[in-house]
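In what follows, a single structure is set out as structure tokens and then discussed.
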Amino acid sequence: MERTALLRSLSCSSLACNKFLFSAPKHSRSFLSKSSTVSAAGRYHRRLIPNRSLIRRNNWRSLSVASSHSSLRFTYSNKNFSSLSPRAVASPTQPSPDIAGVEDEVAEKLGFEKVSEEFIGECKSKAVLFKHKKTGAEVMSVSNDDENKVFGIVFRTPPKDSTGIPHILEHSVLCGSRKYPLKEPFVELLKGSLHTFLNAFTYPDRTCYPVASTNAKDFYNLVDVYLDAVFFPKCIEDFQTFQQEGWHYELNDTSEDITYKGVVFNEMKGVYSQPDNLLGRTAQQALFPDNTYGVDSGGDPQVIPKLTYEEFKEFHRKYYHPSNARIWFYGDDDPIERLRILSEYLDMFDASTAPDESKVEPQKLFSEPVRFVEKYPVGEGGDLKKKHMVCLNWLLSDKPLDLQTELTLGFLDHLMLGTPASPLRKVLLESGLGDAIIGGGVEDELLQPQFSIGLKGVSEDDIPKVEELIMSSLKKLAEEGFDTDAVEASMNTIEFSLRENNTGSFPRGLSLMLRSIGKWIYDMDPFEPLKYEKPLMILKARIAEEGSKAVFSPLIEKFILNNPHCVTIEMQPDPEKASRDEAAEKEILNKVKASMTEEDLAELARATQELKLKQETPDPPEALRSVPSLSLHDIPKEPIRVPTEVGDINGVKVLQHDLFTNDVLYTDVVFDMSSLKRELLPLVPLFCQSLLEMGTKDLSFVQLNQLIGRKTGGISVYPFTSSIQGKEDPCSHIIVRGKSMAGCADDLFNLINCVIQEVQFTDQQRFKQFVSQSKARMESRLRGSGHGIAAARMDAKLNVSGWISEQMGGVRVTWNSYKGWRREWIMIGQEFHHLLRRSVNPYFPGKVA
């Protein structure tokens, strides 16, 4: 059995506080298919090419190297395994003299004026805000030494109804343009591009089109395709694109029934079948009944068919204009070339009134709380007793908050909900009143911030108890404050995340863009969200001087307890709702057909076939040749090589990567689980969760989580399995992943040892919570990503790695765990100890507690 410990450099997202790094878009469509993916929150739309599930998660996938001041030791029971001396490179605090700029005269020649310029120390970048003199378009040009260049153009697109115009337009503009007259130029572009990100996002009030690439020629190709797509799309002249992406009547034969079809229509039908998405939409619309957030920018399937092509074209004419645009450039490319490319497009337009017409008006605060009870569809035959959902939602302010207050609220949110040991999260899960937490805590992506918290998997009789528990817990936190260790852990976790600024495979420049645009889109300072250093120092000083209770308790009282703008949403399961909705839709379509003449029906059948023929007909060669691509000469001949030093510590192979990490140590400790009995595989995910959330012989799980938060940037444990090319047997491991500042390396490895050696598998109630949460997650996956479940099941038939993954996370495994946990609790505890001995403990001395 090979024993290996890795010090690795991998892509990652941060632990529990990614809201400080990202503003998370929610709806999008992959350019690789006609189907859309929707996030768990279900309120905004995004298109995703690679993987966008890294935002606001409690797990993280990060690791790099190394220490400049401290040797690396694995220690346990006063025994040293030996040491290496890894290095990290500290980051510069002053602007690099190599960062290029744009002289005022050059900018003037290209039609721009420089509005302001700053060096942003937090991201070590020179940021310049330009304004296009002719149209008023604003451009943020951020220059640094990051090779992963990012471009984004954002339009403020507030809808007035739920026909889904912003969402349909986001899809449609990417279906061919003036210079690139293909049906889907981005599908062709993918074949010859080195992009690191290619996507589009639809928010409730804005639409974003970002791209990223490390290759300069590829980057400018992508920029040109995007600019041509948004300003000169074919869809405003091609009714069939609107039909395809939005909605249309479909009739294959005059004797058949008419149906609705359309990419966005079908996508939103799926979204509206998912309880969590329905809850999120209902809450947002109830919180904001009087402004644009009171309608669905993604589109309500019952309302989408009311959208006309003329309204669609007018929306593009009004809002997709340079005067209404915010444009972002980031990276190590030439800032003059950025302005030159933009001037070619922007100079074609004159100024418009779009900025005035697209302003988002704030929602006025209620004078008293309100309550809504809604139904959601469920399958027939199941137990509906514990299928209710209840969520309390507050609109925190009638105007945008200043950065200092936002940062403090973010810390408060993390204190209450950010970790399994956070008091509000812990008390709700331990109450046994529900299966899983719902509500996103503090959300500040829109004009006005919100706070939401609730439970799902609740019985109808327990709904008042959940509401009372939430309010009493918040009152208790306001009266008693937070534990000192919890405040220290939260402060360290969030500050670590901010300073690390590790966004993993998600381009760093894009995360900065989304942070900046959260203020910029509302005509506020785009530089401010990028600068956390001063408000962080002020917050730390306030806590040190006044105490955490004096800082956080007034916020709980002002924004939540004494805030009348509270909306309670109760979602009730209804096994007949889906059939009623389908019957209502069919009745509408029957009336449509009844109103048509034979000639009308024949024409509709002909139009249906014509649309299908267009979709199936390949693009002509001359159109394909218009798509820019890279040649071999544009691609580096040598791959990027990660420096690797192979060492040995007491027979354990150690791989060290000497990379720039801003003085952060990242580590993977990898345990082989290939010899694990197959009957133990279903327990592996719960085992990994238990290692961090069951506590040890000396520490409760609350104390353990707080200690990890205080001393490290986070520790996670998860299984990994993958096929090996040319081999039948896969690699399968349990990975313990952690990160800390270099000076805290000893603390990190001592904590990893503590977790592995001293874990106690004795808390039956905690394990019950794990199983309930796992079941709730699987139910959400089944509704929202059923195709993924099916794909995993098929993969299990193709190779051993797929079979192992299915055993650890399949539907049947989750359900069997839920049914049998109580009956088999004693056996499960024994099996966990067996897992520890077989997969982890052989590499460490000492006994399992």
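Values quoted throughout were computed directly from the atomic coordinates according to the rules given, and no laboratory measurement underlies them. This structure is a prediction, so every number in the text was calculated from the model and none was measured. We place every Cβ from the backbone using ideal geometry, glycine too, and count neighbours over all the protein chains shown.
Annotations
- Normalised by the number of residues in the stretch 222-271, the average gap of Cα pairs under 8 Å and 6 or more apart makes the relative contact order 27 percent.
- Fewest-first ordering of 589, 395 by other beta carbons within 10 Å of each residue's beta carbon gives 589, 395.
- Among 680-690, 335-345, the peptide with the highest mean count of other Cβ atoms within 10 Å heads the list, and the full ranking is 680-690, 335-345.
- Cα-based Rg of the stretch 277-430 normalised by 2.2 N^0.38 Å, two decimals: 1.49
- The stretch 654-734: GluC sites (Glu not before Pro) falling in loop per DSSP and having at most 13 other Cβ within 10 Å: 728
- Linear extension gain, residue 641 paired with residue 332, 0.36 nm per residue minus alpha-carbon span: 109.2 nm
- In terms of its C-alpha gyration tensor, the stretch 438-480 has an oblate overall shape, because the principal axis ratio a/c (a ≥ b ≥ c, square roots of the eigenvalues) is not below 1.5 and a/b does not outweigh b/c.
- Once you reduce the stretch 197-274 and the stretch 752-782 to the center of their Cα atoms, the two points are 40 Å from each other.
- Overall form of the stretch 112-200 per C-alpha gyration tensor (a/c, 1.5; a/b vs b/c): oblate
- Nearest-0.05 FRET efficiency for residue 799 and residue 626, computed from C-beta distance (R0 41 Å): 0.55
- Residues in the stretch 356-362 carry Karplus couplings, in order, of 6, 6, 9, 5, 8, 7, x Hz; the curve used is 6.51 cos²θ - 1.76 cosθ + 1.60 with θ = phi - 60°, and Gly or Pro positions show x.
- Global form of the stretch 494-571, assessed from the alpha-carbon gyration tensor, a/c cut-off 1.5: oblate
- Partners for residue 387 among lysines (Cα-Cα distance below 17 Å; same-chain residues under 8 apart left out): 375, 456, 465, 577, 775, 819
- Difference of contour (0.36 nm per residue) and Cα-Cα distance, residue 239 to residue 252: 2.8 nm
- 3J(HN,Hα) from dihedral phi, the stretch 313-330, Karplus parametrisation 6.51/-1.76/1.60, rounded to Hz, x for glycine, proline: 5, 5, 4, 5, 4, 6, 9, 8, 10, x, 4, 9, 9, 10, 10, 10, 10, 8
- Here residue 602 and residue 184 are evaluated by their C-beta separation; at R0 = 41 Å the FRET efficiency comes out at 0.85.
- Projected label distance in nm at residue 364 and residue 700, using a 7 Å step from Cα toward the beta-carbon: 4.7
- Using distinct alpha-carbon pairs, which all enter the 1/r mean, Kirkwood radius of the stretch 437-537 in Å: 16.9
- Per-pair calculated FRET efficiency, R0 = 51 Å: residue 746 and residue 303 via Cβ, rounded to 0.05: 0.30
- Proxy reagent accessibility, fewest Cβ within 10 Å first, across 162, 505: 505, 162
- Taken one residue at a time, the phi angles of the stretch 624-635 give Karplus couplings (6.51, -1.76, 1.60, θ = phi - 60°) of 4, 5, 6, 6, x, 8, 8, 9, 4, 5, 8, 9 Hz. Gly and Pro are set to x.
- Gain upon complete extension [residue 385, residue 662; 0.36 nm per residue less C-alpha separation]: 94.5 nm
- Qualifying aspartates and glutamates (Cα of each under 19 Å from Cα of residue 217; at least 8 residues distant if same chain): 145, 146, 147, 188, 228, 332, 333, 334, 337, 344, 634, 638
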